[in-house]
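Let me begin by presenting the structure, written as structure tokens, before commenting on it.
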Amino acid sequence: MSELCYQLDLLKAMNQKLNAKERMYRLICDSVDNAFLYYAFDRDEIATLGKWDDFFDFEVTEVKDIPLLFDAVEETYIMPLRDALFVEKTKKTSATVECMMKDRRRWMRFLVNVIYDEDHRPTDKVVCVENISKLKTQSDELAYMAYYDGMTGLYNRNYFVRLLGDLLRKAEEAKNIVSVMLIDIDDFKKVNDGLGMVVGDELVQQFGSFLKSFEGDQVIVCHMSSDVYCMAIYDPVGSRSVEHIHKQIHKRTQEPFVLSSGQSVPITVSVGVAEYPEASTSALELINCAEIVMFKGKGLGKDTIQYFDTPILNEFIHTVEIENKLREAVFQNNFIMYFQPQYFTGTRKLRGMEALVRWKDGDDHMISPATFIPIAEKNGAIIPIGNWVVEQSIKQYAQWSEQYGVHFVMSINISALQYGKDNFVSFLLSLLEKYHVHPTQIELEITESILIDDFEGVSAKLRQLRDCGIRISLDDFGTGFSSLSYLKKLPIDTLKIDKSFIDTVLTDSATRIITESIINMVKTLGFESIAEGVEHEEQLDYLQQVGCDVIQGYLLGKPQSPEEIENLLKRL
Ligand code: C2E
Ligand code: CA
Ligand code: CA
């Protein structure tokens, strides 16, 4: 009996120990976020532990239940899961597989471990199941971000460059062509500024999805930045030809884009095209070439398509060279001033001088302002150059009027960027004070281009300058959006008729009619008229006859150095 009691106690103790172990395992399994499946080969026993019930809506209690797991995953993952779950068949000790579940929302990772005995027979197997949905979406997002642009769903720039590189390698082998089209929405800034960024973004999205419709085996499209897209076309022929695609884009932009707010936004686009291998053999360079010609097209009036060619490249290289040299010239102040006299038509007396800047590039090489001023206006160098010109001209006037006792008008060309600076008026007035020059001796030559963006604001500033006594002259009249009707509203003193009119005034009757009506209008409004670029006596006679007030041109005097001008002033 006591023997029996002893056996019973022993059994109880062993049971307790076993229970304690099992409790421990359960506790461990429950405290992690995984589900477990344990299989004992010798007993053919299966147990599930941990978060099994949270993960699956079925129990696995026997080996024949295992296929329920296959039903739970997406079809493509069934075979890999089966191979992993029965990893012992390959005598391996572990296997991992990541499966998308049937609901297509969850991802599970199955980690299988098998223990073998000394005879290499499997004894135990544990399958650890982990929910990796969060990790997956994060890494998917990362992958998405690496390849796509979030706003449009098109490829992003970096990935596009890689894909373009692949296309170029393919084209090199097959001796084929790849066209790169850079597409830029015209005046996008106006949409953004005028209608707000939300509208701007939606427009970028809508136009992006339109461009996406061209995507295919041989065509890739990307969103480069803001309102710029790029398309690469392998073997651009037939419906894939640049001309065909451009025609479709053009057709689409004939219709405005209707946004979710109900607003209709009409757009035009400028397109630049560069072709492999003609323009370049590198992906980045091709994009650059397409960009260069796209900008060239924009300069020529937008809504255009421009093809890359060698003259354009040479012009671009020339501009870049000038730009680099210009930076140096500003730093070293390699500029000098020339002055061109202006005479009253009737009396031939000196009316004024136009101050014209010159860039001394080396001892006797000069770069024309017609070349470098537009570049300086684009890169901002016009501000230091222009300010220097203003000070130099005022100082020179002060010196000459004191030395020679002469009074005339000093005309100074002012660029839009310079005029737009907040401190422009105070800067000018402080110089007049510094050199003791009366404001009425100074005239600012402005062009119509400064009026385009903000007619009212610009006019107000002109009035402020005129109130101080400074004269305002409208330069190059007839070359811009010249309209005689808006002249009435402009606070100006002088109007300069562009040289292009003077060139043909004697040979072209239409020019003659326009020139005469400009002069009459100017007279009616009480301004003064100046004819620019007068080279021949006949032109002067004619201009005198039709009542033009002032003559400027090579006939009566070229732009000259201060020394030459001094000789002229001495003779007055
Ligand atoms: P612009 O203001 O129309 O200046 C007149 C240009 O015509 C000058 O060229 C002058 O040399 C030239 N010219 C004058 N009379 C004749 C003529 O009878 N025949 C011919 N063929 N040409 C004549 P320049 O000095 O080369 O200046 C070119 C342009 O550069 C100027 O055109 C002006 O827009 C700009 N510029 C020159 N100096 C300055 C400056 O100091 N500041 C700014 N912002 N622009 C300047
Ligand atoms: Ca001028
Ligand atoms: Ca002019």
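A few points about this structure:
The rows are residues; the columns are (1) surrounded by 16 or more Cβ atoms within 10 Å (Cβ to Cβ); (2) within 30 Å of MET100 (Cβ to Cβ).
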site: ASN176; (1), (2): yes, no
site: ASP186; (1), (2): yes, no
site: LYS190; (1), (2): no, no
site: ASP193; (1), (2): no, no
site: SER213; (1), (2): no, yes
site: GLY216; (1), (2): no, yes
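- Considered as a group, the residues in region 185-239 that are in a strand (DSSP E or B) and among the hydroxyl-bearing types (Ser, Thr, Tyr) include one that is nearest to the chain's Cα centre (by Cα), and that residue is SER225.
- Criterion (within 25 Å of HIS244 (Cβ to Cβ), away from ligand 2 (no atom under 16 Å from the Cβ) and among the β-branched types (Val, Ile, Thr)) met by exactly one of ILE292, ILE336: ILE292
- Just one of the numbered conditions (1) within 30 Å of ARG463 (Cα to Cα); (2) aliphatic (A, V, I, L, M); (3) within 16 Å of ligand 2 (Cβ to nearest atom) is not true of MET521: (3).
- Residues in region 468-492 that are more than 16 Å from ligand 1 (Cβ to nearest atom), surrounded by 14 or more Cβ atoms within 10 Å (Cβ to Cβ) and either among the charged types (D, E, K, R) or over 30 Å from HIS438 (Cβ atoms) (or both): LEU484 alone.
- Set ILE530, ILE514, ILE502: member being within 16 Å of ligand 3 (Cβ to nearest atom), over 24 Å from PRO439 (Cα atoms) and not aromatic (Phe, Trp, Tyr): ILE502
- Taken together, GLU456, GLU535, GLU448 contain a single residue that is closer than 30 Å to ASP187 by Cα and within 14 Å of ligand 1 (Cβ to nearest atom), which is GLU448.
- Residue check, LEU465 at pLDDT 95 or above and within 15 Å of ligand 1 (Cβ to nearest atom): no
- Flag for PHE527 being of a type in the set (Phe, Trp, Tyr), within 15 Å of ligand 2 (Cβ to nearest atom) and surrounded by 17 or more Cβ atoms within 10 Å (Cβ to Cβ): no
- Being within 22 Å of the chain's Cα centre (by Cα), loosely packed, with under 13 Cβ neighbours inside 10 Å and modelled with pLDDT under 90 is a condition met by at least one residue of region 125-145.
- Residues (surrounded by fewer than 16 Cβ atoms within 10 Å (Cβ to Cβ) and either assigned to a strand (DSSP E or B) or not small (Gly, Ala, Ser) (or both)) located in region 405-419: VAL406, HIS407
The values are calculated or read from the model by the stated rules, or taken from the named source; none is laboratory data. Note that the structure is predicted; figures quoted are calculated from it, not measured. Virtual Cβ from ideal backbone geometry, glycine too; neighbours counted across all protein chains shown.
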